[in-house]
């Protein structure tokens, strides 16, 4: 399990899924209990708080299965499999919680209906994201450090797999004469010595280092600074 970086896109994804799952549980309550009993369950028996509690369980399961890693999202089969596994884990954990503390349960039979609704919503939602990530103007903004053969080949592979959610914004190099030069389509957009400035200016999500570790040229300090600051 990798710890995804909480950039704005990841936070938006988490909040959207929290809203969808919470809403799905509320719908399940009304489907199972009817309007009058559902109102009583949600208001008088604190059902809204119980739904929020269950939503946190599901978000935790998604985190454990790396479902907030945008690299994982490009493989539809892997994505659906992990969704099913995560929801299954969350359902079992909630079942144990309900058994230990029955007061946490939102009405009898609601959990099964909410699981089915959540599965349908999440599969449809995540497949929609998968499609969106293939759009050339949407996806993870990648900066390639280097401009040699390794860097060009890395960019070419990423461009051939747009559904992985990668968007190559350009290359960096220490040679000022290469600034603005187009290598395959993305161009050299800055000097490697100005890596921190470039990352902030271009809103870079991920850096790919594709250059040799030559003394005085490899940007160790800047990469460490960016990593510690959480910028990439």
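If you go through region 75-82 one residue at a time, do you hit one that is surrounded by 14 or more Cβ atoms within 10 Å (Cβ to Cβ), assigned by TED's automatic domain parsing to the domain that holds residue 124 and modelled with pLDDT of 90 or more? Looking for residues that are surrounded by 14 or more Cβ atoms within 10 Å (Cβ to Cβ), assigned by TED's automatic domain parsing to the domain that holds residue 124 and modelled with pLDDT of 90 or more, one finds at least one in region 75-82, hence yes.
Only one of the listed residues (71, 101) is at pLDDT 85 or above and surrounded by fewer than 19 Cβ atoms within 10 Å (Cβ to Cβ). That residue is 101.
Residues that are under 30 Å from residue 229 (Cβ atoms) and either outside the structural domain of residue 61 (by TED's automatic domain parsing) or modelled with pLDDT of 90 or more (or both) within region 12-50 comprise 14, 15, 16, 17, 18, 19, listed in sequence order. Restricting attention to region 195-232, the residues being modelled with pLDDT of 85 or more, farther than 21 Å from residue 155 by Cα and under 22 Å from the mean Cα position of the chain (by Cα) number 0.
Looking only at region 83-110, count every residue that is in a helix (DSSP H, G or I) and in contact (Cβ under 8 Å) with a residue 60 or more places away in the chain and tell me the total. Residues flagged as in a helix (DSSP H, G or I) and in contact (Cβ under 8 Å) with a residue 60 or more places away in the chain within region 83-110 amount to 1.
The values are calculated or read from the model by the stated rules, or taken from the named source; none is laboratory data. No experiment lies behind these values; they were computed from the predicted model shown. Heads up, the Cβs are rebuilt from the backbone with ideal geometry, glycines too, and the neighbour counts pull from every protein chain shown.
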